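Report on the structure given below.
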Amino acid sequence: MAKTIIIHETGAPEVMRLVDIDVGAPAADEVLIRHTAIGVNFIDIYFRSGLYPAPLPSGLGKEGAGVVEAVGSGVTDFKVGDRVAYCNGQLGAYGEMRLIPAEFLVRIPDGIDDETAAAAMLKGLTVQYLFRRTYRLAAGETFLFHAAAGGVGLIACQWAKALGAVMIGTVGSDEKAALAQAHGCAHVINYRKGNFVERVKEITQGKGVGVVYDSVGKDTFPHSLDCLKPRGLWVSFGNASGAVPLLEINLLALKGSLFMTRPTLFDYIAEREDFLRMTKELFDLILAGKIKAAPQHRFALKDAAKAHRLLETRQATGAVVLLP
Ligand SMILES: NC(=O)c1ccc[n+]([C@@H]2O[C@H](COP(=O)([O-])OP(=O)(O)OC[C@H]3O[C@@H](n4cnc5c(N)ncnc54)[C@H](OP(=O)(O)O)[C@@H]3O)[C@@H](O)[C@H]2O)c1
């Protein structure tokens, strides 16, 4: 039996219940993992709250690290005792143990601890595709990134610095501003204190930026569009403040022939080759000391509700993990 978080209804953090389940034995293509650390991501809150639908009852969580306990008969790439991590597959990472298809796993290199792997995989691969694939940031290029002191945000600050790109980051407090700056964000704006569009215009001498990465959603729409140069790209990749309202397509013309995309990591890692290449890029940056991604907050698995509350009330900085 394994302790696992299950939701029977969507709603506040209290809908998460810790129960004992029989995990079972791996199917031919699966691996049984004993988790050592579980990544907490904002997407877990969307599933818990009901913003994103999931058939109920449901597990929660997309990301974990741990040790292989058993492998299915068809699994050749992994063996019992391997240290592995993942950030894809069915919901169900919030538990002591789980089954998962081997195709979603990667071996954690020596030199990266399990907590860091669980904290960095989903968020780091997100930064990889945003900066290298959705829009390829160039050295010296100035761009805007919202929620710069969050889990994805602190990795973005460091990845931008590693690329030599000039990040303008928004944050919700002065403490978060100091943290983002310390992680390599070149210009930080506390968007609770002032108008971020005006500040972006000042920093770019009126020109605007070529790309805005926006995971805040409702509260930064449509102002993010006003930060773009003509023909700039608005990357709407999350909705921490609520869903973005329906958009009149003509708005993109009115604001300068803009482009927009609404990407999700799972489409960028659907091919195993891409997943492995992106993960290697992330792990190499961590091993080289260019990205520090250890979690800033740790909770026991049974306290998952506390972890969610911290994240959704904007009190978290960097990554949050659960420890089974
Ligand atoms: N599409 C994808 O592929 C993908 C993948 C990973 C993550 N994401 C998205 O990226 C974002 C960051 O994820 P994360 O797990 O690293 O979370 P996070 O950034 O650690 O937390 C979300 C942050 O959003 C900001 N925020 C602004 N308004 C908010 C509000 N009303 N309520 C709550 N937060 C608010 C807060 O920072 P301030 O206080 O500084 O404003 C908060 O700390 C999320 O929107 C997530 O869905 C998307």
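Tell me, what is the FRET efficiency for Arg133 and Asp20 to the nearest 0.05, using R0 = 56 angstrom and their Cβ-Cβ distance as r? So the FRET efficiency works out to roughly 0.85. Which of Lys193/Lys302; Lys255/Lys280; Lys62/Lys292; Lys280/Lys302 have a Cα-Cα distance over 29 Å? Flagged as over cut-off: Lys193/Lys302; Lys255/Lys280; Lys280/Lys302. Here the spin labels are modelled as points 7 Å beyond Cα on the Cα-Cβ line, and at Glu273 and Ala27 they lie 2.6 nm apart. For Ile108, the residues whose amide H sits under 5 Å from its own are Arg83, Val84, Ala85, ignoring neighbours fewer than 5 places away on the same chain, with H placed 1.01 Å from N. You can think of it this way: the chain between Asp113 and Val80 has 10.1 nm of extra reach, that is 0.36 nm per residue less the Cα-Cα gap. Annotation note: GluC sites (Glu not before Pro) in region 244-324 located in DSSP loop regions with a Cβ neighbour count of at most 11 within 10 Å are Glu248, Glu271. Among bridges DSSP assigns within the chain, what percent are antiparallel (round to 5)? Given both bridge residues lie in the chain, the antiparallel proportion sits at roughly 60 percent. Comparing mean-square fluctuations of Thr116, Thr134, Thr170 from a GNM of the chain with C-alpha springs under 10 Å, the top value falls on Thr134. P(r) tail, the chain: Cα-Cα pairs separated by more than 34 Å, 22% of all pairs.
Placing +1 on the Cβ of every Lys and Arg and -1 on the Cβ of every Asp and Glu, with nothing else charged, gives the chain a dipole about its Cα centre of roughly 1000 debye. Distant-in-sequence amide contacts of Val209, defined by a placed amide H-H separation under 5 Å and a gap of 5 or more residues or a different chain, comprise Leu228, Lys229.
Separation of region 2-46 and region 208-275, taken as the distance between their Cα centroids, equals 31 angstrom. Rounded if a/c is under 1.5, else prolate if a/b beats b/c, else oblate: with a ≥ b ≥ c from the C-alpha gyration tensor eigenvalues square-rooted, which is region 123-265? Judged from the Cα gyration tensor, region 123-265 comes out rounded (a/c under 1.5). Relative contact order for the chain: 18 percent, from Cα pairs under 8 Å spaced at least 6 residues apart, divided by residue count.
Full extension of the segment from Gln90 to Asp219, taken as 0.36 nm per residue of separation minus the current Cα-Cα distance, would add 43.5 nm.
Computed over Cα pairs, the Kirkwood radius of region 202-324 leads via Stokes-Einstein (1.002 mPa s, 20 °C) to a diffusion coefficient of 123 µm² per second.
Remark: spin-label model distance Leu251-Ala300 equals 4.6 nm, labels positioned 7 Å along the Cα→Cβ axis. Isolated cysteines in the chain, defined as those with no second cysteine Cβ under 4.7 Å, comprise Cys87, Cys227.
All of the numbers you see were taken from the coordinates with simple rules; none came from a lab. Please read these numbers as outputs of a predicted model, since none were measured by experiment. We place every Cβ from the backbone using ideal geometry, glycine too, and count neighbours over all the protein chains shown.
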